[in-house]
Each structure stands twice: as C-alpha cells, then as structure tokens.
1. Looking only at segment 126-133, decide whether some residue is within 7 Å of ligand 1 (Cβ to nearest atom) and closer than 14 Å to ILE59 by Cα.
2. Being under 22 Å from ASP19 (Cβ atoms) and either within 11 Å of ligand 2 (Cβ to nearest atom) or not acidic (Asp, Glu) (or both) narrows it down to one residue among ASP87, ASP95; which is it?
3. Looking at (1) touching a Pro at 6+ places or on another chain (Cβ under 6 Å); (2) part of a helix (DSSP H, G or I), can you tell me which one ARG144 breaks?
4. Identify, please: which residue in segment 15-42 is open to solvent by 40 Å² or more (accessible area, probe 1.4 Å) and hydrophobic (A, V, I, L, M, F, W, C) and is, among those, nearest to the chain's Cα centre (by Cα)?
5. Within segment 1-14, track down each residue that is over 14 Å from the mean Cα position of the chain (by Cα) and assigned to a strand (DSSP E or B).
6. Out of the residues in segment 78-102 meeting the condition of being closer than 14 Å to PRO141 by Cβ and out of contact with any helix residue (DSSP H, G or I) (no Cβ under 7 Å at 6 or more places or on another chain), tell me which one is nearest to ligand 1 (Cβ to nearest atom).
7. Scan segment 130-159 for residues that are under 18 Å from THR33 (Cβ atoms) and loosely packed, with under 12 Cβ neighbours inside 10 Å and report the count.
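The values are calculated or read from the model by the stated rules, or taken from the named source; none is laboratory data. Here the structure is a predicted model, which is why all the values come from computation and not from measurement. Quick reminder, even Gly has a Cβ in these numbers, built from the backbone with ideal geometry, and neighbours come from all protein chains shown. In case anyone asks, the SASA skips ligands and DNA or RNA and just uses the protein heavy atoms, side chains included. Shrake-Rupley method; radii C 1.70, N 1.55, O 1.52, S 1.80 Å.
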Amino acid sequence: HYSFFPGNPKWTHLTYAFDTSANRDILAPIFVTVFSKWSAVSLFTFEEIADYTVSDIVIGVHSGSHGDGNPFDGPGGTLAHAFAPSDGRLHFDADESWSTSTVPVAGSIDLQTVALHEVGHILGLEHSEFEGALMYPSVEPGVRKDIAQDDINGIQALY
Ligand code: TQI
Ligand code: CA
Ligand code: ZN
Ligand code: ZN
C-alpha cells in the first residue's frame with residue numbers, strides 16, 4: 001500500500017509578515033512565541049518573511065476603518081480580529097492599551113494572549129464553549145492564557 005517519505009513531509013508550512021502599520025520590532029518576538037506554541041501542538045510550521053504582499057498571514061495594527069469592512073471601535077470593545085482560513089489577515093486595534101511585556105501586566109490586555117487566540121481563528125478554530133480553552137470568548141486584563149487540551153483537540157480534529 002501507500003508509503004510516505006521519511007519523516008512524513010507535507011505542505012503545512014505557513015509564512016507570515018508584518019504590514020506597514022505594525023511595529024515589527026515589538027511584535028516579532030511575541031509572534032515567535034505564539035507560532036512556536038501552535039507548532040508544538042499541530043502539523044504547522046511558521047516562518048516570518050519580509051514581504052507582506054505574498055505572505056499567507058498578514059499582521060497589522062489599525063485604528064478605526066482600515067479597509068476590510070470591520071472597523072475598529074476605539075478603546076475597549078473589539079481588541080483584535082482575524083478571519084477564517086484561508087484569508088490570513090490578523091489585525092490589532094491600535095487604540096487599546098496593550099501590554100507587550102514578556103509577562104502579563106495588571107490592568108492591561110496581554111497582546112500575546114490575544115495573538116495566540118487570533119492565530120487559532122486563522123488556523124480555523126471558532127469559539128469553544130469550554131471555559132478553560134484559549135478559544136473560549138473571554139479575556140481579562142492582566143491575564144495570560146495558553147493553548148489548552150480543548151484547543152489541541154480542535155486543531156488535531158481539523159488537520
Ligand atoms: N475579537 C473577536 C474575537 O477574536 C472577533 C470575533 C468574534 C471573531 N467572533 C469571531 C473572530 C469569530 C473570528 C471568528 O473573538 S475580540 C477575545 C475573547 C477578542 C475577543 O477583540 O472581541 C480574544 C479578541 F475570546 F476573549 F473574547 C481576543 Cl481572546
Ligand atoms: Ca477597540
Ligand atoms: Zn481588520
Ligand atoms: Zn475569538
């Protein structure tokens with residue numbers, strides 16, 4: 001019967017890039033962490049490339065209307081959004097008081113947590129009704145969430 005090449009290589013590589021709205025120096029290390037967490041529990045590998053016009057995933061930071069029909073709403077409310085596969089756009093609301101610290105900061109929304117959640121959407125996960133899940137629709141200031149078993153079950157069921 002069928003067989004695979006050694007190591008079962010397959011096309012599961014996704015590229016990402018920061019568009020001109022995003023401060024790459026601040027966001028790049030956070031996304032290295034975020035993508036390594038998703039890589040660890042899925043078939044995916046991720047690679048940053050410079051050209052956001054050809055990357056699979058495009059990361060931006062925008063205020064108000066920004067051309068995708070989903071305007072941001074100033075401080076509070078919507079923090080970020082991403083679209084279902086295979087769109088690839090991942091946008092943060094520039095008007096939030098983000099924490100980009102390596103550790104969560106009391107009173108601020110943890111950008112790493114929101115990025116991890118939005119990458120879940122990019123890969124195809126909708127919201128979970130399981131409270132412990134990363135994809136459960138709740139985020140509180142000062143709280144860092146990680147990928148939970150429910151999220152792993154979801155991504156492994158899909159791919
Ligand atoms: N943005 C919503 C979100 O990412 C946008 C959204 C709502 C959405 N329904 C969706 C995106 C379905 C894709 C598919 O969930 S948000 C949370 C959470 C937001 C919300 O700014 O409200 C997080 C961003 F889950 F906590 F509610 C990050 Cl973690
Ligand atoms: Ca907002
Ligand atoms: Zn947008
Ligand atoms: Zn969500």
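1. no
2. Exactly one residue qualifies, and that residue is ASP95.
3. (2)
4. In this case the residue turns out to be VAL32.
5. HIS13
6. Among them, the one singled out is GLU96.
7. 1
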